[in-house]
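Have a look at the structure below, then the notes.
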Amino acid sequence: MSNNYSPYRDLVVGVNSNIPLLNGKLVKYINFDNAATTPPLKRVINDIITFCPQYSSIHRGNGYKSQLSTILYEENRRAIGNFFNYDEEYMDVIFVKNCTESINKLAYILMDYKPEKDVILSSVMEHHSNDLPWRKWYTIDYIDIDSNGNLLIDDLEKKLNLYEGRVKLVTVTGASNITGHKTPIYKIAQLAHSYDAKILVDCAQLAPHAPIDLKPFDDLNHIDFIAFSGHKFYAPFGCGALLGPKDIFENCNPDHVGGGTIDFVMHDYVKWANSPDRHEAGTPNVIGALAMVSALDEFSKLGMKNIESYEKHLTKYATVNMISIPNLIIYGDYLNFNHKVSIIPFNIEGIHHNIVAKALSLEFGIAIRSGCFCAQPYMQRLLQISPEQSRSFIPLPKETYPGTLRVSFGIYNTIEEINVLLYALEKIALNRTYYISKYSNIDSSILIK
């Protein structure tokens, strides 16, 4: 296989774009920031353009285009469920803007479900979006991690025992957006169900990189709720989805109310619509739903296991070569390639992560992310920063916080691109004083005119 070859590269928009460097040269843009968001598939763009002349408001219009749009929207709902092997008899698909909205929505909805259960078990590994929403209305506790940043199943069982039947939900990431570590979601599901708790898996990072099977509803390994975003799945058009049990969605109040959520209204009475309509207030993002399903269908045809295998090949090659670069530190269980997605967190000793990221962008045309990646408690643990030390950073500018750099691969990335990254990292690692001096006071947006 050629180093400049990806079997999926021609499927993605914008992968051969040229961008300027600080020295004025134009180079091909290398995007290793796919954990943040992904470019659209060409098929997604084409499907949107094809549908746009037929677009209309859905559900209550009698016109031809309205009826067509309604049918397509509902078919897209079923297509998403089928992608994850859901049980249509027992589960609903609710369209949302993104994964963050999904989890906020579910946090509100579940207040009406078994109110005597008031405890949510999250984990140390979570993105803020799977932590902060639960703090509003519940007692929250966190499943601990080991020294490599992996979730501790024994600690989950310990906490399920500790709360003696009060745990309503165990909510975990499917794969960390910092380390890429996968969590054992089926073991977690089995444990949660044995204690009469439900499970939510935040699939924002897992869904685009590995197959997910929700399993039959009567299986102890069944996943009760999942949330994911289209923009991380090569469909960045403002749509995501929350999947979960119909009986819960049907019997809980909506978080947002208004058009589309009701069957009947008087000044002193409201009859809510059935789920999922009661949980989708306002005019929905029909085109976003279409885009998301277009991407899922393309990935189904390509095969999720094939995609997982290719991205593992990229991750292994990059990791093995990064290890040999002087002064470079990789975090997490980084050699456990079978239990992670295509993310590598790292630092270069003696140089702040933000400076390295600027140098990679402005001098080499490489986009990666730096910081805490909206998962500060997990980052603090990985970097072995105590709570007391962490508090000392609160008054400081955000860009000065401790953190790491993050490389995250997509289906279109190549070994040749990784070789450019390896060359750049070694050059920076061997010339730290020079790069600190050159890029400390330069803004990353300097080339934007």
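Just so you know, all these numbers are worked out from the coordinates, no wet-lab data involved. Here the structure is a predicted model, which means the values were calculated and not measured. Counting neighbours? That spans all protein chains shown, and the Cβs are built from the backbone with ideal geometry, glycine included.
Using packing as a proxy for protection, rank 92-100, 290-298 so that the peptide with the highest average count of other Cβ atoms within 10 Å comes first.
On the way: 92-100: 22.7, 290-298: 24.8.
Listed from highest to lowest mean packing, they are 290-298, 92-100.
Got a sec? How would Asp219, Asp112 order by Cβ neighbour count within 10 Å, fewest to most? Before the final figure, lay out each step's value.
Numbers: Asp219 15, Asp112 11.
Ordered by Cβ neighbours within 10 Å, fewest first: Asp112, Asp219.
For every helix of n ≥ 4 consecutive DSSP H residues, a contribution of -39,500 (n - 2.57) applies; sum these over the chain, divide by its total residues, and give [θ] at 222 nm rounded to the nearest 500 deg cm²/dmol.
Numbers: 14 runs with 154 residues, N = 449.
Helix contribution divided over all residues of the chain: -10500 deg cm²/dmol.
Cβ neighbours within 10 Å, averaged per peptide: list 48-60, 277-289, 155-167 in order, most packed at the top.
Working: 48-60: 13.5, 277-289: 19.8, 155-167: 16.4.
Ranking the peptides 48-60, 277-289, 155-167 by packing returns 277-289, 155-167, 48-60.
Note down, for region 44-300, the three equivalent ellipsoid semi-axes (square root of 5 times each alpha carbon gyration tensor eigenvalue), biggest first, whole angstrom. The partial results should precede the final answer.
Details: eigenvalues 200, 99, 42 Å².
Each semi-axis is √(5λ); the values are 32, 22, 14 Å.
Sort the following peptides by mean Cβ neighbour count (other Cβ atoms within 10 Å, averaged over residues), highest first: 146-154, 223-231, 16-24.
Working: 146-154: 15.2, 223-231: 27.6, 16-24: 11.7.
Per-residue Cβ counts within 10 Å, averaged per peptide and sorted highest first, yield 223-231, 146-154, 16-24.
Which one is right for this structure if volume of the Cα convex hull per residue in Å³ is calculated from it: (i) 151; (ii) 182; (iii) 168?
Computing volume of the Cα convex hull per residue in Å³ and matching it to (i) 151; (ii) 182; (iii) 168 gives (iii).
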